[in-house]
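K.L.:
Here's a structure for you.
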């Protein structure tokens with residue numbers, strides 16, 4: 001983990017890389033994930049094992065990223081509703 005990264009109330013599992021200036025706030029990051037420089041993860045985000053969040057990407061609250069996926073550099077990902085009763089949202093943006 002870069003000493004200029006900010007992590008608050010989050011869980012990071014084994015072998016994670018967190019780049020310079022990255023911010024992780026209230027998120028869960030799985031095993032062997034890479035959070036690149038200046039990426040931001042907000043409250044409630046879950047990043048699955050072996051996933052990559054690209055440089056400068058912003059992942060908004062309550063987005064779940066499946067294992068072995070990548071959010072592209074500079075992308076913005078947010079939860080969107082399906083419009084069906086009961087919710088059933090998905091991820092919008094990036095490669096997730």
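K.L.:
Quote the relative contact order of the stretch 6-92 in percent (integer), defining contacts as alpha-carbon pairs under 8 Å separated by 6+ residues.
P.N.:
Relative contact order for the stretch 6-92 comes out at 19 percent.
K.L.:
Further question: For the ranges 72-78, 51-57, what's the packing order if you count other beta-carbon atoms within 10 Å of each residue, average per peptide, and put the highest first?
P.N.:
51-57, 72-78
Quick note: the coordinates plus some simple rules give every number you see, no bench work behind them. Note that this is a predicted model, so its numbers are computed, not measured. Cβ sites come from the backbone with ideal geometry, for glycine too, and all protein chains shown count toward neighbours.
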